[in-house]
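The values are calculated or read from the model by the stated rules, or taken from the named source; none is laboratory data. All values reported here derive from a predicted model rather than from experimental measurement. Cβ sites come from the backbone with ideal geometry, for glycine too, and all protein chains shown count toward neighbours.
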Amino acid sequence: MEQRVIISIQGRQSFPQSEPEVMELVTQGILEDKGEAGLFLSYQESEVTGLEGTLTTIQVEPQRVTLLRVGTVNSQMVFEEGKRHLSVYDTPYGALEIGLRTRKIRTSLDSRGGDLTIYYALEIEHGAAGNSMFRIHVRQAAPEGLVQ
């Protein structure tokens, strides 16, 4: 079943010799429970994230989270605790190979909403770039016409 939701996203990236970067976004999206395939959370990126024109879909399975971006930016990022995954991050300015080593995934997300937090190390073009975290809180949106 597909439902409208409010998505609150907080991201934090820490790079050596620089202050941590923090990004926060609240947006509307869709949460869909596809049974064995997992939960799917989708939203349109905005100017705030610098990814305007991109649809982001997050697939949450019991042991893996996949973040798929299609549009102005194209990428598929796979997070599995204790594992490293490589992918291509394709932007209008060129493509980069990125590596993700997931340290921890915590989720209470279900078909009604909840939370998802991922801690991971980021590599860009085979070089360590820093440590990152993103936290997503999902809650049901008010029915059309009602203020929440």
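Matching residues to (1) touching a Lys or Arg at 6+ places or on another chain (Cβ under 7 Å); (2) over 20 Å from R135 (Cβ atoms); (3) β-branched (V, I, T); (4) in contact (Cβ under 8 Å) with a residue 12 or more places away in the chain:
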{"site": "G53", "(1), (2), (3), (4)": "no, yes, no, yes"}
{"site": "T57", "(1), (2), (3), (4)": "no, no, yes, yes"}
{"site": "E61", "(1), (2), (3), (4)": "no, no, no, yes"}
{"site": "T66", "(1), (2), (3), (4)": "no, no, yes, yes"}
{"site": "V70", "(1), (2), (3), (4)": "no, yes, yes, yes"}
{"site": "V73", "(1), (2), (3), (4)": "no, yes, yes, yes"}
{"site": "V88", "(1), (2), (3), (4)": "no, yes, yes, yes"}
{"site": "T91", "(1), (2), (3), (4)": "no, yes, yes, yes"}
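Among the listed residues T66, T56, identify the single one that is farther than 20 Å from R4 by Cα and either in a helix (DSSP H, G or I) or at pLDDT 95 or above (or both).
From the options T66, T56, the qualifying one is T66.
Between a first residue in segment 101-128 that is on the phi > 0 side of the Ramachandran plot and a second residue that is outside any strand (DSSP E or B), which pairs have beta carbons less than 9 Å apart while being 6 or more apart in sequence or on different chains?
G114/S108
Taking the stated definitions as given, is R12 touching a Pro at 6+ places or on another chain (Cβ under 6 Å) and basic (K, R)? Talk me through it step by step, then tell me what you get.
Values: touching a Pro at 6+ places or on another chain (Cβ under 6 Å): yes; basic (K, R): yes.
Spelling it out, R12 is indeed touching a Pro at 6+ places or on another chain (Cβ under 6 Å) and basic (K, R).
Residue-by-condition table, conditions (1) buried (at least 16 other Cβ atoms within 10 Å of the Cβ); (2) without any contact (Cβ under 8 Å) to a residue 24 or more places away in the chain; (3) closer than 20 Å to M1 by Cα:
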{"residue": "E36", "(1), (2), (3)": "no, yes, yes"}
{"residue": "L41", "(1), (2), (3)": "yes, no, yes"}
{"residue": "G50", "(1), (2), (3)": "no, yes, no"}
{"residue": "F79", "(1), (2), (3)": "yes, no, no"}
{"residue": "H85", "(1), (2), (3)": "yes, yes, no"}
{"residue": "E97", "(1), (2), (3)": "no, no, no"}
{"residue": "R135", "(1), (2), (3)": "yes, no, no"}
{"residue": "V138", "(1), (2), (3)": "yes, no, yes"}
{"residue": "A141", "(1), (2), (3)": "yes, no, yes"}
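Which residues, taken from segment 1-30, are of a type outside the set (D, E), surrounded by fewer than 14 Cβ atoms within 10 Å (Cβ to Cβ) and closer than 23 Å to R101 by Cβ?
Kept after step one, since they are of a type outside the set (D, E), are these residues of segment 1-30: 1, 3-18, 20, 22-23, 25-30.
Still in the running and surrounded by fewer than 14 Cβ atoms within 10 Å (Cβ to Cβ): 1, 4, 16-18, 20, 22-23, 26, 28.
Hits for segment 1-30 are P16, Q17, S18, P20, V22, M23.
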